[in-house]
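The values are calculated or read from the model by the stated rules, or taken from the named source; none is laboratory data. Computed from a predicted model, the values in this text were never measured in an experiment. Positions of Cβ are generated from backbone atoms using ideal geometry, with glycine treated the same way; all protein chains shown enter the neighbour counts.
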Ligand SMILES: Cc1ncc(COP(=O)(O)O)c(C=O)c1O
Ligand SMILES: Cc1ncc(COP(=O)(O)O)c(C=O)c1O
């Protein structure tokens, strides 16, 4: 039986070209870019090049890109770095109830240090209302952190509008674009974004690498202290191979964005068409229009998430409940909870997410396996 | 090419690279995922954790994987400082720590902590009695590195651990980034509560390290989120990097004795070749000092700027460094050497030569001949 991986929002396989691009840096190009000698200096240039590539992918300047160990660190650095560096300005931060835990738990940590956080609600499609953001801004608000696209239901936020609002009101705007990068157009200038997190392993890059874009002039405290790497904003010997892989993956993702979007859109529709044909009882969770095509979150009323996932796994279909880091626990997702969905939808939600390598045949086959399982009850 | 800059970074072992590639391409699942691809990754992660723990003689549950030595050091220091701030705000460290400890301490001072930076003797060694003297009721943490990355001085970790055993509320952190694979390391026996390692210093891949956290030690996490690594370090685990690191750890651990002997021989040969040259001064431990790490030699050519020698050696395809790589852009003389009482002129002319087990005696001989050719020439030029 063919295994069908529909969990690309959790993590993606490394693209063969990415791995190939990385390997030389584990071999004769293994110098330390901070070394003074030529052997180190020639990889310094490589890191600079990778930085320019990532900058281009989000329409930033190379000097505005800080490499991190992943999306989580980028989120932590954005929130903690900006809040601590701007204490004189205020102690208030605005976020939403449906953020990834990398943001939510960091907010809780900041609260424990005396900062104040407003967690904005969302509607039943998972969207934050721009008016709510406007109303939540206080004189002592330092930053707003609202994710670009949600990792569980795929709903997109009004990033451009929130960015404009933040700019008008003199508040910093951070967005976690870990899921949106490579799927949506991410243009920090057009959207007035001040800080933006991305992670390589969500776009067929290696695990353990990511970046934070921090607009020039932003006051942000260094978060991991030590050597002078990343202009003293992030210490630690640079993971050159990882950074090279990240840049290659980002480039591939951006260059194929339109065609992949169209492909995922097709896969989504096909999946639902199969279920319609087979009279599967399902409801799509998320926004009917403003969604990322690679994420399809559905509830199969009458089933239970955990049992379904197990049956799907046995049937060779890899899917997820909420985000991967909490699927271990299988609590009800805080995202679906915040969307105020009825109980039977809450307890029966499954996330399918598409990516590199998924074909129409695969997805049709998966949809049929799912239909059989659901209809058997 | 002769690569004598292994304290800056090492070449990943080919088997380690292969392990990395295999895991990255075949077992890409997220260990937190419930499906069996995720389960497979979780299993690999468990195995790696067990290997790492075995190499250190500790329990798998005491290993927290990080992105490298710098993160591990930050996580240990800030983690203790924040978690135990109500108990005390005093930290003891040495004046010769790596920047990732030193700068973190500076940061903690800004946040209201007080830090004692212990001096060293003229070989770069912390005196255990100084640790004893600096301790107060307010001391929550002592952080002393195992092997100094610039001088190669081995610190009296066991003795400090013994002193601290009488102070159960004072945690002991050791930055062992330069020690693992070169010298025996027994955190459990030595009374160490927290210990940092970095994979790229022992032929693993970069972007990967670990922090040993003795059971029972409470730490405020540095990176917060999905709750991976027992809540102590969030973020999707870098499974390929971790598996590769575990492999490198096992290889270094198994060959510790012979690698140690081999590098010790290289060190002795190098010192024997350089010391008779009247323009060459050895910094740090002497040739036969018991507290000399086998892989690091630091020498000065007073009157000649280290960079000049470094670039001259580079022309011969010999790579060394002036100090720890991450601060090498800085033109000031090394903070560490000055702290060890080495005068400014000598510090400005200091070169660090650092070996891996793959280096050979023949390479050492080539290096000595290169120095004999380069330095007297430079000295002549400098004089006119
Ligand atoms: C929206 C979002 N933010 C942050 C993260 C964390 O990224 P990483 O796994 O690279 O730490 C993830 C994925 O886990 C995510 O989906
Ligand atoms: C003693 C010591 N501690 C910490 C580090 C930092 O490790 P990493 O480069 O993995 O961040 C280094 C090396 O740079 C080191 O030599």
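Could you look through the stretch B:59-79, keep only residues that are touching a strand residue (DSSP E or B) at 6+ places or on another chain (Cβ under 6 Å) and more than 13 Å from ligand 2 (Cβ to nearest atom), and pick out the one that is farthest from the other protein chains (Cβ to nearest Cβ)?
The selected residue is B:62.
Return the residue satisfying two criteria in turn: it lies in the stretch B:144-179 and is under 10 Å from the mean Cα position of the chain (by Cα), more than 14 Å from chain A (Cβ to nearest Cβ) and free of Cβ contacts under 8 Å to residues at least 60 places away in the same chain, and of such residues it is farthest from ligand 2 (Cβ to nearest atom).
B:174
Name the single residue, out of those in the stretch B:223-235 being over 15 Å from residue A:176 (Cα atoms) and over 24 Å from the mean Cα position of the chain (by Cα), that is farthest from the other protein chains (Cβ to nearest Cβ).
By that ranking, first place goes to B:230.
If we only count strands (runs of 3 or more DSSP E) wholly inside the stretch A:104-205, which ones have 2 or more residues that are away from ligand 2 (no atom under 16 Å from the Cβ) and within 14 Å of chain B (Cβ to nearest Cβ)?
Ranges flagged: A:195-199.
Is at least one residue of the stretch B:201-209 away from ligand 1 (no atom under 16 Å from the Cβ), under 20 Å from residue B:357 (Cβ atoms) and away from chain A (no Cβ under 12 Å)?
yes
Does residue A:237 meet the test of being over 19 Å from residue A:7 (Cα atoms) and within 9 Å of chain B (Cβ to nearest Cβ)?
Here the answer is yes, as residue A:237 does meet what is asked.
Within the group B:100, B:86, B:72, B:94, which residue is without any contact (Cβ under 8 Å) to a residue 24 or more places away in the chain and either away from ligand 1 (no atom under 16 Å from the Cβ) or touching a helix residue (DSSP H, G or I) at 6+ places or on another chain (Cβ under 6 Å) (or both)?
B:86
Kindly check whether there is at least one residue in the stretch A:214-226 that is surrounded by 24 or more Cβ atoms within 10 Å (Cβ to Cβ), under 18 Å from the mean Cα position of the chain (by Cα) and under 21 Å from residue A:50 (Cα atoms).
Yes, some residue in the stretch A:214-226 is surrounded by 24 or more Cβ atoms within 10 Å (Cβ to Cβ), under 18 Å from the mean Cα position of the chain (by Cα) and under 21 Å from residue A:50 (Cα atoms).
What tally of residues in the stretch A:207-261 results from selecting those that are closer than 29 Å to residue B:8 by Cβ and not in a helix (DSSP H, G or I)?
Count: 24.
Looking at the stretch B:333-351, can you tell me whether even one residue there is touching a strand residue (DSSP E or B) at 6+ places or on another chain (Cβ under 6 Å) and within 12 Å of another protein chain (Cβ to nearest Cβ)?
yes
Checking the structure you have, find out if any residue of the stretch A:355-367 is under 27 Å from residue A:129 (Cα atoms) and at pLDDT 95 or above.
Within the stretch A:355-367 (the criterion being under 27 Å from residue A:129 (Cα atoms) and at pLDDT 95 or above), the answer is no, since none of the residues qualifies.
Return the total of residues in the stretch B:89-112 being within 12 Å of chain A (Cβ to nearest Cβ), in a loop (DSSP other than H, G, I, E, B) and more than 10 Å from ligand 2 (Cβ to nearest atom).
Adding up the residues that qualify gives 1.
Checking the structure you have, find out if any residue of the stretch A:177-185 is surrounded by fewer than 22 Cβ atoms within 10 Å (Cβ to Cβ) and farther than 22 Å from residue A:286 by Cβ.
Looking for residues that are surrounded by fewer than 22 Cβ atoms within 10 Å (Cβ to Cβ) and farther than 22 Å from residue A:286 by Cβ, one finds none in the stretch A:177-185, hence no.
Looking only at the stretch A:137-161, which residues are surrounded by fewer than 24 Cβ atoms within 10 Å (Cβ to Cβ), out of contact with any helix residue (DSSP H, G or I) (no Cβ under 8 Å at 6 or more places or on another chain) and closer than 21 Å to residue A:101 by Cβ?
Hit for the stretch A:137-161 is A:156, nothing else.
What's the number of the only condition in (1) more than 16 Å from ligand 1 (Cβ to nearest atom); (2) surrounded by 18 or more Cβ atoms within 10 Å (Cβ to Cβ) that residue B:277 fails to meet?
Every listed condition holds for residue B:277 apart from (2).
Given the criterion surrounded by fewer than 20 Cβ atoms within 10 Å (Cβ to Cβ) and within 16 Å of ligand 2 (Cβ to nearest atom), identify the matching residue among A:44, A:38, A:56.
A:44
So which residues in the stretch B:15-53 are surrounded by fewer than 16 Cβ atoms within 10 Å (Cβ to Cβ) and away from every other protein chain (no Cβ under 11 Å), if there are any at all?
Answer for the stretch B:15-53, where residues must be surrounded by fewer than 16 Cβ atoms within 10 Å (Cβ to Cβ) and away from every other protein chain (no Cβ under 11 Å): B:15, B:43, B:46, B:47, B:50.
Residues are listed down the side, and each one gets a yes or a no for (1) without any contact (Cβ under 8 Å) to a residue 24 or more places away in the chain; (2) farther than 19 Å from residue B:20 by Cβ:
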site: A:1; (1), (2): no, yes
site: A:15; (1), (2): no, no
site: A:20; (1), (2): yes, no
site: A:26; (1), (2): no, no
site: A:33; (1), (2): no, yes
site: A:42; (1), (2): yes, yes
